[in-house]
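The values are calculated or read from the model by the stated rules, or taken from the named source; none is laboratory data. Please read these numbers as outputs of a predicted model, since none were measured by experiment. Note: ideal-geometry Cβ built from the backbone for every residue, glycine included; neighbour counts use all protein chains shown. Accessible surface areas use protein heavy atoms only, side chains included; no ligands, DNA or RNA. Shrake-Rupley method; radii C 1.70, N 1.55, O 1.52, S 1.80 Å.
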Amino acid sequence: MRHSGKKGLTHREYLFCNNYVNSGDVKRSAEAAGYKVEPELAGNKLLQRDDIGAKIDELYGQKKRNLLYKACRGYEKLAFGGISDAIKLIYSENISPEKVCKMDLFNVAEIKRPRDGMLEIKFFDRFKALEKLQQLDFLGANQNTSFYDAIEDSIKSINFADHFEN
């Protein structure tokens, strides 16, 4: 690889790097960055440069971290999110589509209206979301494990108490 004698990337070079990280397509990335004459050749030449490779690695690392944060935030919403809007939906009659669009139904996996006309709502599994958070180790192993264990212990105690009531 050769080094560019420049101090930093030009705007077009940065655009190429950003587009390449998002698409993985050399020709389209070069075209989107404004390389009109032989964009594939221009893109391949850019990829041979150390500074371009370093910027692509940096941008890819940022993208990967952002996706991890988004995934963890989604799992947190599934594990700890509220269901009040879903309950409102069950008990509402003749609710407008506009109101439904404003509701927070993130935790809803499935909505059915069987023949009897009642609304059935199935929620995502909170425990699976907690397991995914634990696998991602986003909150740190000690916090995540102890929280998960506490929930599991409380469920066992509820089941144990129910067993003696019957």
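Tell me which residues come under 5 Å, amide H to amide H, from Phe123 once H is placed; ignore anything under 5 positions away on its chain.
Excluding prolines and chain starts, which carry no amide H, the hits are Ala109.
Ignoring ligands, DNA and RNA, what percent of the accessible area of segment 1-122 is carbon or sulfur (1.4 Å)? If you can, show how the numbers build up before the last one.
Numbers: 4520 of 8700 Å².
C and S fraction of accessible area: 52 percent.
Probe of 1.4 angstrom, ligands and nucleic acids ignored: what's the accessible area per residue over segment 25-99, in square angstrom?
67 Å²
Test of understanding: what is the full-extension gain from Ala109 to Thr10, defined as 0.36 nm times their sequence separation minus their Cα-Cα distance?
31.0 nm
For segment 61-121, which GluC sites (Glu not before Pro) are both in a DSSP coil and crowded by at most 15 other Cβ atoms within 10 Å? Please list the in-between numbers first.
On the way: sites: Glu76, Glu93, Glu98, Glu110, Glu120; in loops: Glu93.
Passing sites in segment 61-121 are Glu93.
Taking θ as phi - 60°, what are the ³J(HN,Hα) couplings along segment 49-59 by the Karplus curve (6.51, -1.76, 1.60), each to the nearest whole Hz, with x for Gly and Pro?
So the J values, rounded to whole Hz, are 7, 4, 5, 5, x, 5, 5, 5, 4, 5, 5.
Give a residue-ordered list of calculated ³J(HN,Hα) values for segment 74-80 (Karplus: 6.51 cos²θ - 1.76 cosθ + 1.60, θ = phi - 60°; whole Hz; x for Gly, Pro).
x, 5, 5, 5, 5, 6, 10
Across segment 22-33, in residue order, what do the Karplus-derived ³J(HN,Hα) couplings come to in whole Hz, using 6.51 cos²θ - 1.76 cosθ + 1.60 with θ = phi - 60° and x for Gly and Pro?
Taking θ as phi minus 60°, the curve returns 7, 10, x, 9, 4, 5, 4, 5, 5, 4, 5, 7 Hz for segment 22-33.
In nm, what is the difference between 0.36 nm times the number of residues separating Ser96 and Leu41 and their Cα-Cα distance? Present the calculation step by step, with values, prior to reporting the outcome.
Details: separation 55, 0.36 × 55 = 19.80 nm, distance 5.45 nm.
Going from the current span to full extension adds 14.3 nm.
What's the local net charge at Met103, with K and R +1, D and E -1, over the other residues with C-beta under 11 Å away? Write down the numbers at each step before the final one.
Working: positive: Lys88, Lys99, Lys102; negative: Asp85, Glu98, Asp104.
Net of charged neighbours comes to 0.
Filter Lys64/Lys102; Lys77/Lys132; Lys88/Lys112; Lys70/Lys112 down to the pairs with a C-alpha to C-alpha distance above 20 Å, please.
Values: Lys64/Lys102 30 Å; Lys77/Lys132 12 Å; Lys88/Lys112 15 Å; Lys70/Lys112 28 Å.
Going by Cα-Cα distance, Lys64/Lys102; Lys70/Lys112 fall outside the 20 Å limit.
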